[in-house]
Amino acid sequence: MTFMNYKKGLERNLWLYALIRIFRKRAYIAVIIIYAVTYANITVEQFGVIAAISAFFVMVLEIPSGYISDKIGHKKAITLGSFFMMIAPLGFVIAPNFYGVLFASLAYFGGEAFHSGTMQAFLHETLIELGRDGEFGKMTARAQRWGIFGNIFLVGLVTLTYSIDPRLPFLIGFLLQSMILIISLLFVTPRKEHQKITERIHDGFFALLKTVRHRNEIFLFFFLGFIAAVHNKIPEYKELYFQDIGVPMWFFGLVYSLMGVVGIIFTYQIHKFEKYKAKTFYMVDFLIACSASIMVGIVSNVFVGVGIFVLLGGYYRIRRILTDVYLLKTCPTSNLKATYLSVYAFFASLNAIWVPLVLGYFIGRFGVQQGYLAFGFGALIISIISYLLIFRKINK
C-alpha cells in the first residue's frame, strides 16, 4: 500500500468509525424488556438475573479481551466482536424464553467486550498516525453524533414493527447489525509509526497492573465502574416506569429519539466538559445518576418522568467519551491502551453484576417508583463515601 493510499485509508477509518457507531447500537432496545416480560414470560427478577449473568460474563472477558486486542490487532478484535453482536438478536427469535434472552444478552455484550476500549484505542492510534491526536474528543463526539442521529430513526422505526409481530424488531436488528461486520473488514490498521507517548512501562500486562495499583487507580476504577453501572442499569426498567405513569407504548421508541436529540446537543459541548478537572467531572457524574433515580421515585407526571430519562439518556451518550478522554490522558503506555481502558471496563462489569440485581429486587419488592427511590438514595450514599475516600489518596 502506497503512502497516499495508506493515508486515505486512515482518513476513511474516521468515517467508518462513525458509521459503525450507528449499526452496533441495538435498534430493538426499546422493546427488549416488554418482549421478555410479555412474550417470553420472564419475570422482572429473572430479567435482573440475566443482566447479572451477562455482567459477570463480560467482566470475565473484559481485561482478557482488551489484552487480546492489543496482541492480535485491534481490527481483528473489532471484527470478532462485530460477529457476536450480529448474531445476538437471533436469540430472541429462535428461543423466546429465558435461555434465548440470555443467549442474546451474552452474545451482544460479549461482542461489546471486544469493542470496548479497542474501538477507542483504534481511533486514537489512527489520529496519531494522521498527526491529529489532539482531536480524539472531537472525533469521538462527531462519531457519537452520527450514531445518535442514525439511531433516532432506526429505534423509532423498528419499535413500530413490534405491533406487527413481536419477533420482527429482532430480525431487523440482525440485518442492521450485520453491517458492523462488513464495516469492520474495511478498516485500515495504523502502523504506529508516529507514536508520541513516552513509555512508562515496558514489561507488558502485569507491569501495567502493577502501575495501576501503585497509582491507587484500583479504587478509582472501582468507583468509576460503580457509577457506570448505575448509569447503565437505571434506564433498563424505564419502560415499566412509563407503563405505571401512563406513557403509551407507541411513545417508547420516540423517547429514544428524544434522548438522541439531547445527546447530539451535548456532543457539541463536549469541549467545554474537557476543560474541567477529572475529579470535578467524576463528582458531577455520580450526582446526575443518583439524582435521576431519586427523582423517578418521586415524580409521577408523564412529561417530567419522560424528561428525566430523556436528559439522562442524552448525557449517557457523552459520559463514556469523557471518561475515556480523562483515562487516556493518564494511560502509562502507548502499546496497551485497549488493555488499560479494559481494566476500567472490568470494574464497570463487576459492579454491573450486583447493581441490576439490587435495582430489580427493589422494584419487584416495593414497586417501580419506590424501588427507584430506595436504589437512588443507596447509590448516593455509596458514591459520596467512595468519592471522599478515593480523592483523599488520589490527587487528580
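The values are calculated or read from the model by the stated rules, or taken from the named source; none is laboratory data. What you are looking at is a predicted structure, and each value in this text was computed from that prediction instead of being measured. Reconstructed Cβ throughout: ideal geometry from the backbone, glycine too, with neighbour counts over all protein chains shown. Surface accessibility is based on the protein's heavy atoms, side chains included, excluding ligands, DNA and RNA. Shrake-Rupley method; radii C 1.70, N 1.55, O 1.52, S 1.80 Å.
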Point to revise | Residue satisfying condition, being out of contact with any Asp or Glu (no Cβ under 9 Å at 6 or more places or on another chain) and under 30 Å from residue 364 (Cβ atoms), within set 83, 114, 56, 47 | key: 56
Practice item. Mind listing just one residue for me: the one in segment 1-34 that is farther than 30 Å from residue 47 by Cα and outside any helix (DSSP H, G or I) and, of those, modelled with the lowest pLDDT? Key: 1
Check your understanding: What single numbered condition from (1) modelled with pLDDT under 85; (2) more than 27 Å from residue 14 (Cα to Cα) fails to hold for residue 94?
Key -> (1)
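To keep it simple, each residue is scored yes or no on (1) open to solvent by 30 Å² or more (accessible area, probe 1.4 Å); (2) modelled with pLDDT under 90; (3) in contact with a Phe, Trp or Tyr (Cβ under 9 Å, 6 or more places away or on another chain).
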{"site": "379", "(1), (2), (3)": "no, no, yes"}
{"site": "386", "(1), (2), (3)": "yes, no, yes"}
{"site": "391", "(1), (2), (3)": "yes, yes, yes"}
{"site": "394", "(1), (2), (3)": "no, yes, yes"}
Point to revise | Members of segment 213-251 found to be among the β-branched types (Val, Ile, Thr) and buried (at least 19 other Cβ atoms within 10 Å of the Cβ), listed by number | key: 227, 230, 234, 247
Review point. Are there any pairs, at least 6 apart or on different chains, whose C-beta atoms fall under 9 Å, with the first in segment 262-279 and in a loop (DSSP other than H, G, I, E, B) and the second of a type in the set (Lys, Arg) and surrounded by 12 or more Cβ atoms within 10 Å (Cβ to Cβ), and if so, which?
Key: 268/145; 277/396
Exercise for review: Being out of contact with any Cys (no Cβ under 8 Å at 6 or more places or on another chain) and open to solvent by 40 Å² or more (accessible area, probe 1.4 Å) narrows it down to one of 67, 28, so name that one.
Suggested key: 67
Check your understanding: Yes or no: residue 175 open to solvent by 40 Å² or more (accessible area, probe 1.4 Å) and at pLDDT 70 or above?
Key -> yes
Study note, to complete from the structure: When (1) at pLDDT 85 or above; (2) in a helix (DSSP H, G or I) are applied to residue 154, the one that fails is (1)
Study note, to complete from the structure: Considering only helices (runs of 4 or more DSSP H) wholly within segment 301-396, the ones with at least 2 residues that are farther than 22 Å from residue 274 by Cα and among the polar types (S, T, N, Q) are 337-366, 368-393
Check your understanding: Looking at segment 90-98, is at least one residue open to solvent by less than 50 Å² (accessible area, probe 1.4 Å), touching a residue at least 12 places away in the same chain (Cβ under 8 Å) and either of a type in the set (Lys, Arg) or under 22 Å from residue 225 (Cβ atoms) (or both)?
Key -> no
